[in-house]
Structures are given as structure tokens and as C-alpha cells.
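The values are calculated or read from the model by the stated rules, or taken from the named source; none is laboratory data. Remember, predicted model here, so these are calculated numbers, not experimental data.
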Amino acid sequence: MSLITITNRDKKMIIWNFMEELWNNYKNAVGNGLPNRFYLKDFNFVRTLDKFLCRNGVSESLTDTIIWEIIKDYSLDKRYFEMSESSVILTRVGLIECQKPVHDWY
């Protein structure tokens, strides 16, 4: 099996899409009185990035795993959200960062 390398550009794109969708989900949940814990399977950006990674040579069977590993590593580094096996929730630090007018997620 060959070693898979994801470029920093692609990692940034994965993180940016995840954080933007997480922030939009949070605003929608708060605005509609819904729970602010979100299930990983419900994130739309994964389907789009699956296709992108496949076009860039990553096996389709590995794309989800790679995407969530990148997100998991990011969560441990930045502490903007907490992840469990199946869900994610913004932390106080993440809420502060999300409310800034300009984001540099990476």
C-alpha cells in the first residue's frame, strides 16, 4: 500500500469547509432552539471533499477516514470543538473564534 500524502492546501480546505459548516449549523440550531451537538454523518462537506480527494488520487475507501483524521488532529491542536465518535460540539474558544469577522481557521 502506498503512502498517502495530503497537501497543506487540501488540509486547509478540509478544515475551512468543516468549520464553516459547523458554525452555520450552530447558528441555525441556536436560531431555531435546536440542540447544538451535531452528528458527524450529517455534515455535507464530506461528500463534496470525498469526490475532490478521489480526483486527486486518494482511494474512495479511505477518503472519509482521512477527512475525519485531519479534523480530529485539528480539534486537538486548536480546541475550537470537541469530537466524540459520532458527534461534535463547539467549545467556548470555538464560539469566540467563530464570531470574529475574519477567520483563519488553519
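Applying the set (1) at positive phi; (2) more than 13 Å from the chain's Cα centre (by Cα) to LYS51 leaves exactly one unmet item: (1).
Quick check: anything in the range 34-49 of a type in the set (S, T, N, Q) and modelled with pLDDT of 95 or more? Within the range 34-49 (the criterion being of a type in the set (S, T, N, Q) and modelled with pLDDT of 95 or more), the answer is yes, since at least one residue qualifies. Being under 10 Å from the mean Cα position of the chain (by Cα) and basic (Lys, Arg) is the requirement here; does LYS72 meet it? Considered against the rule, which asks whether it is under 10 Å from the mean Cα position of the chain (by Cα) and basic (Lys, Arg), LYS72 comes out as yes.
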